[in-house]
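The values are calculated or read from the model by the stated rules, or taken from the named source; none is laboratory data. From a predicted model like this one, the values you see are computed outputs, not experimental measurements. Glycine gets a Cβ as well: all are built from the backbone with ideal geometry, and neighbour counts include every protein chain shown.
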Amino acid sequence: MDQPQPSEVMRPIVCTHCHEKQVVRTDGKFGIRFMHAQSVRCLKCGSTFDVILPYQIVAGPYAAS
Ligand SMILES: [Zn+2]
């Protein structure tokens, strides 16, 4: 019954402090329950910022390029 879903997906995010583009790895399953702020520590400036994605962040961030 379940639709095949990618297990993990890289998704772009942007730091709200320095606007550095980076990526996080998220679980591939969409879930409205994940639609809440998840804290990420910026690779560049080291500040913590919140990202809102309907996916659970499982790893990252990583450099975008
Ligand atoms: Zn930053």
### Query
Out of ARG25, ARG33, which single residue is more than 9 Å from the ligand (Cβ to nearest atom), charged (D, E, K, R) and within 23 Å of SER65 (Cβ to Cβ)?
ARG25
### Summary
Quick count over region 20-59, residues being in contact with a His (Cβ under 8 Å, 6 or more places away or on another chain) and in contact (Cβ under 8 Å) with a residue 24 or more places away in the chain, is 4
### Summary
Taking region 38-48 and the residues there that are more than 7 Å from the ligand (Cβ to nearest atom) and surrounded by 15 or more Cβ atoms within 10 Å (Cβ to Cβ), the one that is nearest to GLY28 (Cα to Cα) would be GLN38
### Query
Across region 25-35, which residue is modelled with the lowest pLDDT among those that are in a strand (DSSP E or B) and either of a type in the set (D, E, K, R) or exposed (fewer than 12 other Cβ atoms within 10 Å of the Cβ) (or both)?
ASP27
